[in-house]
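Presented below is the structure to which this report refers.
Each reported figure results from applying straightforward, stated rules to the coordinates on display, with no laboratory input. It should be emphasised that the depicted structure is a prediction, and the values quoted were computed from it without experimental measurement. Using ideal geometry, Cβ is built from the backbone for each residue, glycine included, and neighbour counts are taken over all protein chains shown.
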Amino acid sequence: MDAANYLYLAALLFTIGAVGVVVRRNAIVVFMCIELMLNAANLAFVTFSRINGDLNGQVVAFFTMVVAACEVVVGLAIIVTIYRSRRSASVDDASLLKR
Amino acid sequence: MVDLALAVGQTQTPEAVMFWILAPLTVAAALGMLLVKKAVHSAILMASVMINLAFFYIAQDALFLGIVQIVVYTGAVMMLFLFILMLVGVDSSDSLTETITGLRPIAITAAVGFGGLMVSLLGRATLGRGAVGLESANSNGNVKGLAKLLFSTYVWPFEVVSALLITAALGAMVLAHHQRIQTRPTQRQLSTQRFRGKSLANAAGLPGPGVFARHNAVDVPALLPDGTPAQNSINATLEARGDMLNSGVFELGKVDTSAGEEK
């Protein structure tokens with residue numbers, strides 16, 4: 001099996017995540033889709049590391065994981081804060097600047 | 001399991017079998033994440049995607065990342081997601097109506113275009129050689145190889161990332177901090193309020209929920225002696241969520257008390 005198959009899978013997962021970010025309205029689901037995109041990028045990094053035969057790609061994937069963890073912590077705190085004031089986790093309801 | 005995973009990474013056919021079993025499952029779970037209505041179901045599907053990805057990492061000689069994927073993502077991150085879901089309300093299902101007209105067809109068209117572009121690019125790109133594999137890079141063990149890079153070439157990004165982690169933790173604490181507008185009432189004040197208030201109706205405590213032992217769950221208000229439901233016997237949260245049953249259906253006259261029903 002060609003290692004490039006993993007890259008196709010990563011591209012597919014990234015696309016699915018991107019659609020999720022655009023289509024879904026629940027902020028938590030949108031967040032999970034962002035996580036999916038980050039994970040797809042990680043899979044591509046790991047695969048490229050294997051194709052090129054050095055570990056740099058894996059180190060970058062490791063850094064991505066740390067950044068993703070930070071992003072989840074802050075993002076979920078923001079969602080909770082918004083939920084506390086607006087009683088809703090929908091991204092459409094936070095439209096105060098529009099009016 | 002680790003031995004098995006390493007063996008899978010080194011031989012070609014078992015890896016292909018694993019890939020062709022797990023990859024469709026992963027894509028199906030990711031698609032399901034988009035399509036299911038409830039956020040909790042999305043979270044479960046997300047967890048399964050992440051576990052599958054961990055298998056892929058381990059199959060590709062990234063043992064450390066595979067374990068970290070399970071510990072950090074399926075362990076910590078999904079845990080956090082579920083925790084926030086519980087906080088926000090488990091049954092907060094998405095309204096699947098389009099708020100922006102034509103968003104969904106546009107999104108799907110764009111996604112098909114983008115995905116097609118990526119896949120065709122990958123299909124056309126040629127490296128001029130096959131995959132090198134990580135046998136030589138991992139000769140001292142994957143963890144040792146990563147540690148060597150992390151603490152030599154990447155030591156500065158590593159330190160920056162640690163600063164980022166601390167900042168994120170502080171930021172989350174600041175965001176989640178909730179300042180009280182009034183001071184918390186003391187027990188003395190509460191007691192005074194209870195007995196010197198407008199009425200003594202609730203001086204002995206609020207009534208408990210449930211009716212006639214027919215339905216003593218917390219979602220049915222208790223009946224007062226005159227047959228009216230006692231609204232304050234229900235938790236305010238249940239009332240706000242609309243999870244309250246009508247106590248009328250449990251009124252004595254409407255309940256079938258014939259002996260046959262007991263069986």
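Observations on the structure shown:
- Cβ-placed point charges (K, R +1; D, E -1), dipole of chain A about Cα centre in debye, nearest 20: 620 debye
- Amide H contacts of B:Ala222 (H built 1.01 Å from N, in plane; Pro and chain starts excluded): B:Gly210, B:Ala230, B:Ser233 sit under 5 Å, all sequence-distant by 5 or more or on other chains.
- Taking Cβ atoms as reference points and 14 Å as the exclusive limit, the residues near A:Met37 contribute a net charge of -1, counting Lys and Arg as +1 and Asp and Glu as -1.
- Inter-label distance for B:Thr13 and A:Asp2, nm, one decimal - labels placed 7 Å from Cα along Cα-to-Cβ: 2.2 nm
- Residue (of B:Val27, B:Thr99, B:Val40) at the positive-pole extreme of region B:21-134, dipole from beta-carbon charges: B:Val27
- With the simple model of a label 7 Å out from the Cα in the direction of the Cβ, B:Leu190 to B:Leu87 spans 2.4 nm.
- Other-chain or far-sequence residues with amide H under 5 Å of B:Ala62's (modelled H): none
- Gain on full stretching of the segment that runs from B:Ser162 to B:His178 - 0.36 nm per residue minus C-alpha separation: 3.1 nm
- Selected from A:Arg86, A:Arg25, A:Arg50 as most flexible by GNM, with chain A as the system and alpha-carbon contacts under 10 Å: A:Arg86
- Taken about its Cα centre, the protein assembly as shown carries a charge dipole of roughly 1220 debye when the Cβ of each Lys and Arg holds +1 and the Cβ of each Asp and Glu holds -1.
- Inter-part distance where region B:174-247 and region A:1-79 are each reduced to a Cα centre, Å: 46 Å
- Given charges at Cβ of Lys, Arg, Asp, Glu: the protein assembly as shown dipole, positive-most of B:Gly242, B:Ala137, B:Ala125: B:Gly242
- The ranking of B:Thr183, B:Thr153 by Cβ neighbour count inside 10 Å, starting from the fewest, reads B:Thr183, B:Thr153.
- Cα-derived Rg to Rh of the protein assembly as shown, Kirkwood definition: 1.12
- Each of B:Trp20, B:Trp156 was scored by other Cβ atoms within 10 Å of its Cβ. Listed from fewest to most, they are B:Trp156, B:Trp20.
- Farthest toward positive dipole pole in chain A [+1 Lys/Arg, -1 Asp/Glu at C-beta], among A:Val19, A:Ser90, A:Thr64: A:Ser90
- A:Val73, A:Val80 arranged by Cβ crowding within 10 Å, fewest neighbours leading: A:Val80, A:Val73
- Phi to ³J(HN,Hα) by Karplus 6.51 cos²θ - 1.76 cosθ + 1.60 over region B:18-34, Hz, x for Gly, Pro: 4, 4, 6, 7, 7, 5, x, 4, 5, 5, 5, 5, 5, 5, x, 4, 6
- You can think of it this way: the chain between B:Ser139 and B:Ala201 has 14.5 nm of extra reach, that is 0.36 nm per residue less the Cα-Cα gap.
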